[in-house]
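All remarks here apply to the structure that follows.
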Amino acid sequence: MSALLTLDGLGVRFEGAEPRTLVHDVSFDLGEGERLGIIGESGSGKSLTALAILGLLAHPLRARGRAVLSASGGDVDVVTASQRRLDRVRGSAVGAVFQEPLASLDPLMRIGKQLAWPFAHHRGLRGDALRRAVLDALADVQLPHPERIARAYIHEISGGQRQRVAIALALAAGPRLLIADEPTTALDVTVQAGVLALLQREVEERGMSLIFISHDLPVVAGITDRVLVMRDGRQVELAGTTTLLTAPAADYTRTLVSASRELEAFLPDRGEGARR
Ligand SMILES: Nc1ncnc2c1ncn2[C@@H]1O[C@H](COP(=O)(O)OP(=O)(O)OP(=O)(O)O)[C@@H](O)[C@H]1O
């Protein structure tokens, strides 16, 4: 399996008053079509790692080390790449879905127009072909009445539908890697499973690589091949998902695994509505 992404000592520094390191030395390879989970408690550095891979850190945060993405025009180290190169790589090589769909959607622009941009910019589509691509993308993420949704603003659709639009937007330029950072956490429990299933289906059908960030170990375990465990900005353990669940090496991972087992055992007794 060839590496699509190679992290080598990736770190994140806070360079404001009282400078400090927030993420230390994260290193792993991600192969074509491989699905990696990142798990850890709140504040462990999961989102900063994702933002560093996307080249989206802004002052006073700064990445260090290497994060090399294999893109169509050659390898790109996102830590040192120019803004121009990053603009080209984001969308076409790597797409992202965040916890809050409003992080990637513009409230003042009709949905169809937002979705048209990556098809026009990265794929060069125009006119009828562009219109068709936008409607197909909305239908592909199982949104009803794509023509109506394309004309709508995001305040006119539900939270689950917004996240489906954000997924369509992340996939529009055909990236080889999708980074999903807590993509269902902000959604109503009744729509979480549907959005998760959609993400899984898209990743599978397109043969994409996935980095899936979550607090929820059972959800991560269900959709990934390997899991990276983080705590206090450090990489605690990186292992195949089955190994991690059955023979965790680090004490912290053992705690996470046994806590999620206890939760699983607890849920059936809670009756209707307790399970997703
Ligand atoms: N812009 C920032 N400036 C200063 N510190 C920050 C900034 N963003 C994040 N941090 C700190 O960096 C650490 C890691 O944050 P990060 O958001 O990556 O955690 P996380 O694991 O994604 O947490 P959560 O699961 O709650 O989203 C935290 O201690 C956080 O307070």
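The values are calculated or read from the model by the stated rules, or taken from the named source; none is laboratory data. Remember, predicted model here, so these are calculated numbers, not experimental data. Reconstructed Cβ throughout: ideal geometry from the backbone, glycine too, with neighbour counts over all protein chains shown. These area figures cover heavy atoms from the full protein model, side chains too; ligands, DNA and RNA do not enter into them. Shrake-Rupley method; radii C 1.70, N 1.55, O 1.52, S 1.80 Å.
Quick notes on this structure:
- GLY73 being surrounded by fewer than 16 Cβ atoms within 10 Å (Cβ to Cβ) and within 16 Å of the ligand (Cβ to nearest atom): no
- Every residue from region 1-37 that is open to solvent by less than 10 Å² (accessible area, probe 1.4 Å) and near the ligand (Cβ under 8 Å from one of its atoms): VAL12, VAL23
- Test: residue in region 173-193 that is hydroxyl-bearing (Ser, Thr, Tyr) and modelled with pLDDT of 95 or more: no
- Residue check for ALA193: open to solvent by 20 Å² or more (accessible area, probe 1.4 Å), in a helix (DSSP H, G or I), touching a residue at least 60 places away in the same chain (Cβ under 8 Å) and under 22 Å from ALA221 (Cα atoms): yes
- Hits in region 49-70 - residues which are within 16 Å of the ligand (Cβ to nearest atom) and basic (Lys, Arg): ARG62, ARG64
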